[in-house]
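Colleague: The structure that follows is given in the form of structure tokens.
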Amino acid sequence: MLRRFFLLLTLVALLTTAACSGETAQTTTDSLTSQMVELPDFLRDEPVRVREAYQFAAMHPDALETVPCYCGCGSMGHTSNLSCYIGEMDEAGGITYDNHAAGCGICVDITQDVMRMTNEGKSAKEIRAAIDAQYSAFGPSTNTPLPS
């Protein structure tokens, strides 16, 4: 049991510090308002919290588009925490996923906090202020517009 715990702890540490890449995968969904969206194959073996974050990004892009990311991904052209998950969304519901967040613990932590605060009924401005306060020490933020 203790060995399993240390293995899990090591895996979490590796995922948190893993280098993030910019590979993408294309998946089409019928509707972003459905209960679940089909996720790309590269997420099949990822932890539940990572898959939940990708689901949230696909279903609630507006909740993440005014939230910055603090992992340093602005240098990759990312403009918000949403960019860590979604490269493009077309009008027909097609999503080009970015695999960046699958290997970046900061991205997923930010999204999990947004999910929690959204469920608590916090406003976009309150969420943004909380994320800025919590994560600004980690590094430069993406150039993300403030919520209106």
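The values are calculated or read from the model by the stated rules, or taken from the named source; none is laboratory data. From a predicted model like this one, the values you see are computed outputs, not experimental measurements. Heads up, the Cβs are rebuilt from the backbone with ideal geometry, glycines too, and the neighbour counts pull from every protein chain shown.
Colleague: Which members of the stretch 81-97 meet the condition of being touching a helix residue (DSSP H, G or I) at 6+ places or on another chain (Cβ under 9 Å) and within 16 Å of residue 59 (Cβ to Cβ)?
Modeller: Within the stretch 81-97, 81, 82, 84, 85, 86, 89, 95, 97 meet the criteria.
Conditions tested, residue by residue: (1) touching a His at 6+ places or on another chain (Cβ under 9 Å); (2) part of a strand (DSSP E or B); (3) at pLDDT below 95.
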site	(1), (2), (3)
79	no, no, no
88	no, yes, yes
95	no, yes, yes
107	yes, no, no
115	yes, no, no
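Colleague: Report whether or not residue 111 is hydroxyl-bearing (Ser, Thr, Tyr) and surrounded by fewer than 16 Cβ atoms within 10 Å (Cβ to Cβ).
Modeller: no
Per-residue answers, yes or no, for (1) modelled with pLDDT under 95; (2) closer than 18 Å to residue 127 by Cβ:
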{"site": "29", "(1), (2)": "yes, no"}
{"site": "37", "(1), (2)": "yes, no"}
{"site": "64", "(1), (2)": "no, yes"}
{"site": "73", "(1), (2)": "no, no"}
{"site": "84", "(1), (2)": "no, yes"}
